[in-house]
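This report refers to the structure that appears directly beneath it.
The values are calculated or read from the model by the stated rules, or taken from the named source; none is laboratory data. What you see is a predicted model, and the numbers here were worked out from it, not measured in a lab. Positions of Cβ are backbone-derived with ideal geometry, glycine not excepted, and every protein chain shown enters the neighbour counts. The protein model used for the area step is the full one, side chains on, heavy atoms only, and it has no ligands, DNA or RNA in it. Shrake-Rupley method; radii C 1.70, N 1.55, O 1.52, S 1.80 Å.
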Amino acid sequence: MVQNVGSAVLHANSPNLHMPYANSHRPLSWDDVQVFLAVVQHGSVSGAARALRVNHSTVLRRIGSLEHSVAVRLFDRLPGGYALTAAGNDIADRLGGVGEQIDAAQLHVMGLDVVMMGTLRLTSTDTLAHGVLMPLLARFREMHPGVQVQLAMNNSFLSLTRREADVAVRGSNRPPENLVGRHVGDMRTALYASKRYLKSRGRKPRFEDHVWVAPDESLSHLEQAKWLARPGDAPRIAVRVDSLLGMVEAVRSGIGAGLLLCALADAHAELVQLAPPAPELDTRIWILTHPELRQVARIRAFTQFLFDALRDDPRLARRE
């Protein structure tokens with residue numbers, strides 16, 4: 001609806017727009033720009049088509065026409081949809097004021113609030129998703145019900161670096177250099193065992209007497225995995241687990257002692273912390289996105305919301 005009002009205004013007064021990319025023999029058409037901005041705003045060709053009340057082929061045709069006019073590719077065609085190129089992001093920034101002026105005019109006339117729409121793809125680990133993020137997603141959805149969140153839980157940055165996701169919330173002391181983001185705090189790690197395990201040992205076991213619940217090879221990048229693999233006497237491993245949540249459950253069951261995230265272990269009364277958290281085992285938590293996506297309104301709003309919420313989470317330690 002906003003775009004339709006803008007279309008009527010600009011067709012009546014200034015049907016052609018000029019951009020530095022454009023071929024001087026072919027000024028930009030507002031119809032093409034309108035569709036381009038709709039794809040950027042709604043995050044997909046289908047979302048733009050619904051917003052503009054046109055069919056899918058019209059959106060594709062208009063995008064093709066605009067790319068021909070500026071003589072540069074504006075979107076990468078990916079299996080999961082369209083993603084802005086560097087040139088597309090530049091043009092979106094240059095044209096951002098056009099959409100804002102149209103939005104402001106319609107809000108003034110109709111007295112409506114701006115509602116963010118579209119899909120936001122989030123990737124994180126099962127640990128952070130279950131232990132930290134789910135309540136925050138519920139709060140964000142209450143604030144922006146027009147945004148649909150797609151959550152992919154895995155232990156790899158792969159989906160984000162391929163731009164199959166918009167935002168990653170990850171634990172890493174060395175985040176990928178091709179991503180941008182902010183460090184929001186640290187997850188602490190300490191040695192825990194269950195009361196049942198300790199009782200079965202008959203006395204307080206010495207460190208070298210423990211049997212261990214350990215991360216498996218898929219988590220070998222974690223500091224606790226590196227600590228267990230340090231040179232010296234090999235620890236007696238009772239079980240290896242491919243999930244930090246699974247490690248907590250294994251330690252709770254009495255299988256052995258384990259280096260667990262304090263944010264997870266401290267929620268269980270049957271677990272006993274056997275030593276204070278070790279700073280060298282801290283894992284830094286990052287909110288990350290691709291550089292070309294950070295100016296998209298819903299992504300910018302979501303990452304700022306997460307940063308503000310996680311910054312106040314007492315389970316995340318902060319270094320002075």
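Scanning the stretch 261-284 for residues that are within 21 Å of SER124 (Cβ to Cβ) and open to solvent by 40 Å² or more (accessible area, probe 1.4 Å) gives ASP266, ALA267, ARG284.
Within the stretch 35-49, can you find the residues that are in contact with a Ser or Thr (Cβ under 9 Å, 6 or more places away or on another chain) and surrounded by fewer than 23 Cβ atoms within 10 Å (Cβ to Cβ)? Spell out the reasoning first.
Pass one, the stretch 35-49, residues in contact with a Ser or Thr (Cβ under 9 Å, 6 or more places away or on another chain): 35, 42-44, 47, 49.
Those that are in contact with a Ser or Thr (Cβ under 9 Å, 6 or more places away or on another chain) and surrounded by fewer than 23 Cβ atoms within 10 Å (Cβ to Cβ): HIS42, SER44, GLY47, ALA49.
The test for being modelled with pLDDT under 95, within 14 Å of the chain's Cα centre (by Cα) and assigned to a strand (DSSP E or B) holds for LEU122. A count restricted to the stretch 138-155 and to residues that are open to solvent by 20 Å² or more (accessible area, probe 1.4 Å) and closer than 15 Å to VAL167 by Cβ stands at 9. Total residues in the stretch 59-82 satisfying the condition of being open to solvent by 30 Å² or more (accessible area, probe 1.4 Å) and among the β-branched types (Val, Ile, Thr): the figure is 1. Based on this model, can you work out whether GLU249 counts as closer than 20 Å to VAL272 by Cβ, of a type outside the set (A, V, I, L, M, F, W, C) and at pLDDT 90 or above? It is true that GLU249 is closer than 20 Å to VAL272 by Cβ, of a type outside the set (A, V, I, L, M, F, W, C) and at pLDDT 90 or above. Being of a type in the set (Lys, Arg), open to solvent by 50 Å² or more (accessible area, probe 1.4 Å) and assigned to a loop (DSSP other than H, G, I, E, B) is a description that does not apply to ARG300. Looking at the structure I just gave you, is ASP103 at pLDDT below 85, open to solvent by 20 Å² or more (accessible area, probe 1.4 Å), acidic (Asp, Glu) and over 27 Å from HIS290 (Cβ atoms)? For ASP103, the condition - at pLDDT below 85, open to solvent by 20 Å² or more (accessible area, probe 1.4 Å), acidic (Asp, Glu) and over 27 Å from HIS290 (Cβ atoms) - is not met.
All conditions in (1) in a loop (DSSP other than H, G, I, E, B); (2) touching a His at 6+ places or on another chain (Cβ under 6 Å) hold for VAL54, with the sole exception of (2). In the condition set (1) within 24 Å of HIS183 (Cβ to Cβ); (2) touching a residue at least 24 places away in the same chain (Cβ under 8 Å); (3) open to solvent by less than 50 Å² (accessible area, probe 1.4 Å), GLY258 is compliant with all but (1).
Out of ASP93, ASP31, one residue alone is at pLDDT 80 or above, part of a helix (DSSP H, G or I) and within 21 Å of LEU120 (Cα to Cα). It is ASP93. Of the helices (runs of 4 or more DSSP H) lying entirely inside the stretch 166-252, those containing at least 3 residues that are buried (at least 21 other Cβ atoms within 10 Å of the Cβ) span 244-252.
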